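**Q** Structure in structure tokens, see below.
Each reported figure results from applying straightforward, stated rules to the coordinates on display, with no laboratory input. Please read these numbers as outputs of a predicted model, since none were measured by experiment. Quick reminder, even Gly has a Cβ in these numbers, built from the backbone with ideal geometry, and neighbours come from all protein chains shown.
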Amino acid sequence: MRRGVMYGMMAGALWGTVFLVPRLLSDFSPLLLSSGRYMMYGIVSVIVALPGARSLLSRVTGADVAALVKLALAGNLLYYLLLSGAVHMVGIAPASLIVGVLPVTVTLLGRSDQGAVPLTRLVWPLAMVLAGIACININVFTAGDSAGATAGGNIVTRLAGLACAVGALLSWTWFAVENARYLQRNDHFSGSEWSVLWGIVTGLLGAALWVVVAALPSGFVTAPAADTRWHTFWLLNLGVAIGASWLGNGLWNAASKRLPLTLSGQLIVFETLFALLYAFVYDHRLPRPLEAAAILLLLAGVSWSVRQHADDGAKRTTLEEKAQAAVH
């Protein structure tokens, strides 16, 4: 469990970087951001897979391919497309308010899985997580978004942006639950091997999306003409592909194999915490009082949940030992 929690924290640290990219590349459309990022992820995954490609491919089944396609579409392409669209249309604040509920939705969906702690014992940890998320967003709305990304636009644009944020929440919730369950049912791949296969499939889907984008009319997709911006686009996407996609996903897969969903779902909160940290560094400022309170509440809630799972695991081990002793 300790190793799984550490892997989840490290994945969150890497995933926190993806919220900065739409802000840094606001002159690129969500379609370009999503397809560009995942084409680079595919290239990185192919390079990583080459040394052990024969062994890796020999273990891939038809069910694995079907699962990889569904997970890549929902957890990568669709999620990032919707998240980027939400940031562009309504700004970081409303998007983070909606997507920040992920720890709760994933925990609720995983409540019936093996090893899950009853929700009655997670009410207060979940309440602290929700309180922390509320503090973050109250601060954003009252103090103003430091990124200056609060979007204008008409009511239709804002509603479309909110719909994108809700879609991103639903997409990643489904992905987190299904990916964890599939890895726990199938142990013929390690977390890093599954991440590589997932990256290759995602890269192929990203390339297909790029072809579709290239075929669209020139005025349909937003992109700058300056070559320097395209250089920045590919460098940032390469960095995100290596860090957040390949390494981050591998760490998350390793955590998912070791933890029940009622715990791993709450570890997603570290993505929000590290995104905040990177924003503070980027904006050269310290946390405001509400932001500091949010960080403390989120850390306390997740720590409490970890303790509940550890206590539950210890009780289960004791009961198993007593049962074995009674048999002998």
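**Q** Neighbouring Cβ atoms within 10 Å as the yardstick, rank VAL18, VAL99 fewest first.
**A** VAL18, VAL99
**Q** Next up: Show me the chymotrypsin sites (Phe, Trp or Tyr not before Pro) within region 151-258 that DSSP assigns to loop and that have at most 13 other Cβ atoms within 10 Å of their Cβ.
**A** The qualifying sites are PHE220.
**Q** Cut-off is 10 Å between beta-carbons; in what order do ASP27, ASP187 appear when sorted fewest neighbours first? If you can, show how the numbers build up before the last one.
**A** Values: ASP27 14, ASP187 8.
So the residues, fewest neighbours to most, are ASP187, ASP27.
**Q** If the viscosity is 0.692 mPa s and the temperature 37 °C, what Stokes-Einstein diffusion coefficient in µm²/s follows for region 183-263 when Rh is the Kirkwood radius over Cα pairs?
**A** The Stokes-Einstein estimate is 217 µm²/s.
**Q** Taking other Cβ within 10 Å of each residue's Cβ, how do ARG185, ARG229, ARG288 sort, fewest first?
**A** Least crowded to most crowded, the residues run ARG185, ARG229, ARG288.
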